[in-house]
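Inspection log for the structure reproduced underneath, given as structure tokens.
The values are calculated or read from the model by the stated rules, or taken from the named source; none is laboratory data. Computed from a prediction, not measured in an experiment: that's the story for all the values here. Glycine also receives a Cβ, built like all others from the backbone with ideal geometry; neighbour counts cover every protein chain displayed.
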Amino acid sequence: MAPSRHSLNYLLRRDDEEVQNPLTMSDEEILEKIYATHLPSDTKFDADSLFTIVDIILRGSTHLVDDVLDGSPETVKCADEKLPQASFTSPLGLLKEISSEMCYKMLGDEVAHKTTMTILNLLSDYSWQAKAILTLATFALEYGEFWWLS
């Protein structure tokens, strides 16, 4: 039985696989590898609610940055903000997995390509829109935590 895409054995096995240098690949080869990771399922995912949360985090963090740079605290306006669905369940575990891939890898073209492919494999069950929002949400989570701690 093959390991699940989200199991530790799968992720460890993926780390041992040889990755071709993306600078030596044609655009068609890169696209083929990316499309091969796209296996969306019928699973429902509330991308709109997650995007709403991302928007709130980034706006709040932006106000914090402005306050730090300007030296003048300003209250963040929340009255006109859209709220996520009450039934929304955050995919925090998945966001942390993506964060781990993004934040704790060495720099370099080959590593960046391998990291991208690992993230795309983690998100293979999701639509392209959901993949983009989940990746943006991971960035927002890290960025927001950084500025709230400062």
Any hit, segment 111-123, residues being hydroxyl-bearing (Ser, Thr, Tyr), touching a residue at least 12 places away in the same chain (Cβ under 8 Å) and touching a helix residue (DSSP H, G or I) at 6+ places or on another chain (Cβ under 6 Å): yes
Close pairs from segment 33-45: first touching a residue at least 12 places away in the same chain (Cβ under 8 Å), partner loosely packed, with under 14 Cβ neighbours inside 10 Å, Cβ under 8 Å, at least 6 apart: His38/Trp128
Flag if Glu17 is more than 22 Å from Glu145 (Cβ to Cβ), among the acidic types (Asp, Glu) and modelled with pLDDT of 90 or more: no
Residue in segment 80-96 that is at pLDDT 75 or above, assigned to a helix (DSSP H, G or I) and crowded, with 18+ Cβ neighbours inside 10 Å present: yes
Residue match in segment 110-126 (condition: surrounded by 15 or more Cβ atoms within 10 Å (Cβ to Cβ) and either more than 22 Å from Lys33 (Cα to Cα) or touching a Cys at 6+ places or on another chain (Cβ under 9 Å) (or both)): no
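Looking at Lys44, Lys77 in this structure, which one is modelled with pLDDT under 90 and farther than 22 Å from Gly144 by Cα?
Selected residue: Lys44, the only one of Lys44, Lys77 that is modelled with pLDDT under 90 and farther than 22 Å from Gly144 by Cα.
Would it be correct to say that Lys105 is assigned to a helix (DSSP H, G or I), at pLDDT below 95 and not aromatic (Phe, Trp, Tyr)? Give the steps one after another, and end with the answer.
Values: assigned to a helix (DSSP H, G or I): no; at pLDDT below 95: yes; not aromatic (Phe, Trp, Tyr): yes.
Considered against the rule, which asks whether it is assigned to a helix (DSSP H, G or I), at pLDDT below 95 and not aromatic (Phe, Trp, Tyr), Lys105 comes out as no.
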